[in-house]
Amino acid sequence: MAVLLVAAGGAGAWIYQNLNGNIHSADIDDKLGADRPANMSPGSKNILVVGSDSRAGDNGKYGKGLTTMQSDTLMVMHVAANREWATVVSLPRDSWVGIPECDRGNGTRSTPHHFKINEAFAVGGTSGDVAGAAACTIKTVEQNTGLRIDHFMSIDFQGFKGMVNALDGIEVCPETAIHDKKAHLDLEAGCQTVRDEKALGYVRTRYSVGDGSDLGRIGRQQEFMEALVAKAQKKLTSPTALYGFLNSATKSLTTDKELAGVTPIAALASELKGIPGDRLTFLTVPNYAREADVPTDKANVVWQYPQAADLFASLAKDKEVDKKSLEAASKNPVYAATIQVSVLNGTGKPGQAATVAEALRTAGYTVIGTGNAPQSTPRTAVTFPQGLDRQAKALASRLPGTRATQDAAAAPGAVTLTVGEDFDGLR
């Protein structure tokens, strides 16, 4: 959409102005607070993209009993400082993460807790304010990834349908028939062109195809988006088709104040248009079913460490991620429940080991004991005996600035976490 806005600039000033007036802006700066990740790669940009399934207005028919704002799709697009590559990371909506304290917009504040990542949009948007919803989502993503989010974009159901219809539909090739009442979708197997409700249903369907997980849906969404981009570049050569596409998109678009308007989006587009297709990478944060750590939870996923931490650290430092290498490294996850941890208090503050131990248990780790370190230490440390390097690295990757070190004197079978004065919680 951003690249096509550049073309719209030559289609006539009135078209440009009309599109500009469509875009909604949300002031989030005063809602994010000061405790944010540092910008480690000046010149690069991290843009949070939210597919909103708010049931307001024309979207009401897509769900019943939902009174809060909802986010159906959540992605972070990292644009390299040299504008030679970009990576889009999907964050599964069922990701079990820490949700920070957020302003609900109704005079109250939420308390920090763990839940599905998409709840952040609903918490911040309790009063129906997109700015609040976006701010809470940004805070949640920043806390769990360590990435500094520079901009956000939110687009809803109607805008998505309008873009697809302006392209006369998108071809999809489901291997099996899909019949999903929740997504309002009845689709036979085989290649076919979808538009209107079928297009929307195809990217929303979940329980009636594949393994019924959000991960399968993410894969379909990424494939659909790539097909949409390819067709838009080929088809939208006439002013009429171009305007129809952009009018639908911009009417359903909300951004931060800095990005609001055709001019700043077109400026971004001019920076992106030179990125070759083979260096625009779509991937999903490495994860596994939370059931592996908490047998009673069959509905959520947790991010896989150290792979997730390595991914976000690379993007924070503006280093291009090799998708094949990431996927290969993620094939044999180290489940948190299989990591036995002994927690030692090196801060001198009474009760700190017990507090950290509880946080580890919440994250799925197996805590086998707590105690005091022989002496106070300013820095948190992770040590391990021979044979537990993978487990130790998985734990250390969740503690920014901490490395795992083998210790010949360490007790066998467990990783030792010595809590230092710099401990700032798990990521």
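Here is how the numbers come out for the structure above:
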| quantity | calculated |
| --- | --- |
| Counting DSSP beta bridges with both ends in the range 336-419, the antiparallel % (nearest 5) | 20 percent |
| Angle between the chain longest axis and helix 157-166 axis [Cα atoms, degrees, rounded to 10] | 50 degrees |
| Nearest 10 degrees, 0 to 90: helix 130-145 Cα axis against the chain principal axis | 40 degrees |
| Between helix 352-362 and the chain: long-axis angle, C-alpha atoms, 0 to 90°, nearest 10 | 50 degrees |
| Cβ-based net charge around residue 269, under 13 Å, with every Lys or Arg adding one and every Asp or Glu removing one | +2 |
| Full-stretch length increase - residue 362, residue 281 - with 0.36 nm per residue and alpha-carbon distance subtracted | 25.9 nm |
| Pairwise centroid distance, computed over Cα atoms, of the range 359-374 with the range 154-202, Å | 47 Å |
| Beta bridges per DSSP with both ends in the chain, % antiparallel, nearest 5 | 55 percent |
| Inter-probe distance in nm under a simple model that places probes 7 Å from Cα toward Cβ, at residue 39 and residue 288 | 3.8 nm |
| Reachable lysines, given that their alpha-carbon falls under 29 Å from the alpha-carbon of residue 257 and they are not under 8 places away in the same chain | 31, 45, 116, 139, 161, 273, 317, 319 |
| Pairwise FRET efficiency - residue 234 versus residue 158, Cβ, R0 = 30 Å, nearest 0.05 | 0.80 |
| Percent RCO, i.e. relative contact order, over the range 336-419, from Cα pairs under 8 Å lying at least 6 residues apart | 39 percent |
| Full-extension gain in nm, residue 389 to residue 226, via 0.36 nm per residue minus C-alpha separation | 54.8 nm |
| Candidates 387, 125, 261, ranked by Gaussian network fluctuation over the chain, Cα under 10 Å, top entry | 387 |
| Theoretical FRET efficiency, 1/(1+(r/R0)^6), r = Cβ-Cβ of residue 127 and residue 323, R0 41 Å, to 0.05 | 0.55 |
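Bear in mind these aren't lab numbers, they're just calculated from the coordinates by the rules spelled out. Remember, it's a predicted structure, so these values are computed and weren't measured experimentally. With ideal geometry, Cβ positions are generated from the backbone for all residues, glycine too; neighbour counts draw on all protein chains shown.
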